1. Roughly how big is segment 1-136's charge dipole about its Cα centre, with Cβ charges of +1 (Lys, Arg) and -1 (Asp, Glu), in debye to the nearest 20?
2. Residue by residue through segment 183-193, which ³J(HN,Hα) values in whole Hz follow from phi under the Karplus form 6.51 cos²θ - 1.76 cosθ + 1.60 (θ = phi - 60°), with glycine and proline marked x?
3. Based on the alpha-carbon gyration tensor of segment 1-119 and its eigenvalue square roots a ≥ b ≥ c, which shape applies: rounded if a/c is under 1.5, prolate if not and a/b is larger than b/c, or oblate?
4. Of the listed peptides 93-105, 175-187, what is their order by residue-averaged count of other C-beta atoms within 10 Å, with the highest listed first?
5. Please compute the contact order of segment 254-312 in relative form: average sequence separation of alpha-carbon pairs under 8 Å and at least six residues apart, divided by the residue count, as a percent.
6. Report, by chain and number, residues whose modeled amide H sits under 5 Å from the one on GLU204, excluding near sequence neighbours (fewer than 5 apart, same chain).
7. Assign unit charges at the C-beta atoms only (+1 for Lys and Arg, -1 for Asp and Glu), then state the dipole size of the chain relative to its Cα centre in Debye, rounded to the nearest 20.
8. For GLY188, what is the net charge nearby, where nearby means another residue's Cβ is under 12 Å from its Cβ and Lys, Arg count +1, Asp, Glu -1?
Amino acid sequence: MIERPEVARAVAVLREGGLVAFPTETVYGLGCDAESPAALRRLFAVKGRPADHPVIVHVADAGDVEPFVAEVPPIARLLGEAFWPGPLTMVLQRSERLPDGVTGGRDTVGLRVPETPIARELLRAFGGAVAAPSANRFGKVSPTTAADVRADLGADVDLVLDGGPCRVGVESTIVDCTGTAAVILRLGGVPRAAIEDVLGAPVELRTAGETAAPGTLPGHYAPSARVMLVDRRAAAARAAGLLASGARVGLLTLAPAPPDLPGGLHLLDQPSDVDEFARVLYTRLRDADRAGLDVLLVVPPSSDGIGATILDRLTRAAAGSPDR
Ligand code: TXA
Ligand code: MG
C-alpha cells in the first residue's frame, strides 16, 4: 500500500514521542505512542488532563488488541465482530505491556478500532498502539474538524492530519466487558439497542457518577454560552423572555424551526435529521460561542438511537454551563 506522505510524517512524529492529531469517525483524537511513558506525559500536559484519567488506546484491527489485554472474553469478541472498526470502545483487563500512564493506574484498558481510512492507515503504518483522548483541552468541547483542533491546541500539537469533518460527530460508546455482563459506561456513536441486539440481552447503563468512566464530567460538553434545554412548543416564549432581559439568545433545533420565533433570536443552522444533529452538535456549540451568545436554547431530538447520546451530551452541557 502506498502511504500518503502526511501519514508517513505522522508516523515519524509518533516514533519520536510526539503528538499527532488525527480524525476518527467520532471526533478528532490527540495521539501518541501508547507504550512511551514520556510521550504520554506530554500528552497529559497538553490536554491539561489529570493523571488518573485513563485514555483510550487505538489499534488498526480487532486482532491487534491481543498483546494489550489479558483476555478477550466472549462478549467482547461478539461486540468486536459487530462494531469494529467503528465508534465503540471496549474496556478489558489489561496485560503488562502498557504503561500505567495509559490506564490511570487501573488494571483495565479502553480499546478501540476506529473506522476512518486515514486513522487506520496511520495505525497500520505505525504498527503499534496509539493512545488518544479527544484532541481538545481538558474541559472543552471535542473537535470534529482539523480547524477545531488547531484553534484549541495551536502549536502544542506537532502535526494535524486533516480528514475533513467527522462522520458521527459524538464520541464512541464505551462498554465495560470485564464482567459477565456488558455495561455501558458512556453513550456514544453505537446506540444501546444495537449492542443489546448483538448480545441478545438488555445492557445496563452506568454513565452517572465518576467511578465508571472517569472524565465524563458535566462541564466537558459545555460551551461558554449557557445551554438550556427547551420543549419545541415552549421555545418561542422562552426565547422572547430571555431576549427581553437583554441576553443574546440562540436556538438549536431540528428543521423546521418552530413558528413565531421572536426577532433578534440567533437561529443556528438546523440539522434535518438525528444523525446530522449528532454530526454537527459540537460545531453548533462552537458556533454559539463564535456568535457571542449568552444563552443557547436547544430543542433536543427524540431520544431513540443516537438521539439518546445527543440528549446525554446536552444534559451534561446544560448542567455544566457557566453559573451553575
Ligand atoms: O470517540 C472517542 O472515544 C474519542 C476518539 C478520539 O477515539 N476519544 C475520546 O477520548 O473520547 P477521551 O479521553 O476524551 O474519553 C475517554 C473516556 C474517558 O471518559 C475515560 O474515563 C474513559 O474513556 N476510559 C478510558 N479507559 C477507561 C477504563 N480503563 N475504564 C473506564 N473508563 C475508561
Ligand atoms: Mg474527551
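1. Values: 14 positive and 17 negative charges, 78 e Å.
Here segment 1-136 has a charge dipole of around 380 debye.
2. Once rounded to whole Hz, the list reads 10, 7, 9, 8, 5, x, x, 9, x, 3, 4.
3. It is oblate, given that a/c is not under 1.5 and a/b is not larger than b/c.
4. Top of the packing list down: 175-187, 93-105.
5. The value is 33 percent.
6. HN-HN under 5 Å from GLU204: ILE184.
7. 840
8. On the way: positive: ARG112, ARG186, ARG192, ARG313; negative: GLU25, GLU171, ASP312.
The answer is +1.
Readers should treat all values here as calculations from the given coordinates under stated rules, not as data from a laboratory. Fair warning: this is a prediction, and the values are worked out from it, not measured in the lab. Quick reminder, even Gly has a Cβ in these numbers, built from the backbone with ideal geometry, and neighbours come from all protein chains shown.
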